[in-house]
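Student: Quick one: structure below, then a few questions.
No lab work stands behind these numbers, since they all come straight from the coordinates. Remember, predicted model here, so these are calculated numbers, not experimental data. Glycine gets a Cβ as well: all are built from the backbone with ideal geometry, and neighbour counts include every protein chain shown.
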Amino acid sequence: MQLYPKDVALTHKYIQFNDLFIKFMVLDLDRENSAMDWELLGLPSPNIVVQNRLNGRCHYIYALEVPICNTKNARFKPISYFKKIQRAYIDKLGADQHYVGVFTKNPNSNFWRTFVFNIPKYTLDYLADFVDLSNKPVFYLNDNEDIEGRNCSLFNQIKKIGYREVLKFKCSGKQLEQFNQYLLSSLELLNQNHNPPLPYRELKGIARSSSRWIWERFSESSFQQIQSNRSRKRWEKQQIIKKELFNQFGANKPNMSLKQIAEQFSISVSSLNRWSEEFGWVKSQNDLKSKYEKIV
């Protein structure tokens, strides 16, 4: 990325709005003639809308009243809150979820059509009032590489590595910066599988965001809680399948092997073995022993 003096940068078509502080929420709308979509969807007016004169595609720029620190020592909660709001606006507007937000259409360039709304800067709380933040993760975690692209593909891979390794770093007394460096090194190796590979600055951004996000959320107690929740969900899912099996077949075992039934209902053969005795599909060992003793 080339750095220019302010007076020179303002002559370019694209400009960087945010640096060490997030001062603006910038959204990229790829739809044609989308300059007023915010109004149709009941969202607050952007402070600035910069539109492509040829196809009507836009950048919405919301100015923040209080800039958010985005350095490695920044507090996680304000960044997380901002990203949840940003995610909700992206979803509601149908904006580009892969837009990184580093470079923005320059409102001062005559190449674009610019709309400036004479309104105050926004607080995060005010922006949040217009959207639903429930179940909005900080990151997009879709595992489909073709849809998400290289950036999200690498994040999907590195988050799994991070989840697996973070407790080792914490329990050995290592710090966030060391965990960040570990993820960055892992990303460099993973990036070799992409053609063309992502620029190094993108890798640093992914490592910084994912390491901080994972580090803040994972502790030994939280990991145990996650494991407990997973076990509970597996048990609940099994109970639903068990009830479905019994309601469908009752005590009359279908004319299939246990392996075939297990595959059809996506359960393990060992679980089905236990249930089949409860259903009465097979005799219990005690019943078989009693029957054998009577015969003898």
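Student: When you have a sec, figure out the Kirkwood radius of segment 6-128 from all distinct Cα pair distances and drop it here in Å to one decimal?
Tutor: 14.9 Å
Student: For labels at residue 247 and residue 134 in the simple 7 Å Cα→Cβ model, what's the distance in nm?
Tutor: The modelled label-to-label distance comes out at 2.5 nm.
Student: How big is the gap, in Å, between the Cα center of segment 176-208 and the Cα center of segment 256-270?
Tutor: Comparing the Cα centres of segment 176-208 and segment 256-270, I get a distance of 42 Å.
Student: Next question. So who's got an amide H within less than 5 Å of the one on residue 103, skipping anything under 5 residues away but keeping other chains? H placed 1.01 Å off N, in plane.
Tutor: none
Student: Place the peptides 99-106, 164-171, 255-262 in order of packing, highest mean first, counting for every residue the other Cβ atoms within 10 Å and averaging per peptide.
Tutor: Highest-to-lowest ranking by the protection proxy: 99-106, 164-171, 255-262.
Student: If the limit is 28 Å between Cα atoms, which of 13/77; 160/243; 92/233; 13/204 go over it?
Tutor: Cα-Cα > 28 Å for 13/77; 160/243; 92/233; rest within.
Student: For the residues 37, 125, 91, what sequence is obtained by ranking on other C-beta atoms within 10 Å, fewest first?
Tutor: 125, 91, 37
Student: Another question about this same structure. Taking Cα centroids, how far is segment 93-136 from segment 16-63 in Å?
Tutor: 5 Å
Student: Here's a follow-up. May I ask you to sort 71, 114, 123 by Cβ crowding, counting other Cβ atoms within 10 Å and putting the fewest first?
Tutor: Going from least to most buried by this count: 71, 123, 114.
Student: Further question: For residue 279, put the label point 7 Å out on the Cα→Cβ axis and report which residues of segment 237-263 keep their amide N under 12 Å from it.
Tutor: Zone members listed by number: 241-263.
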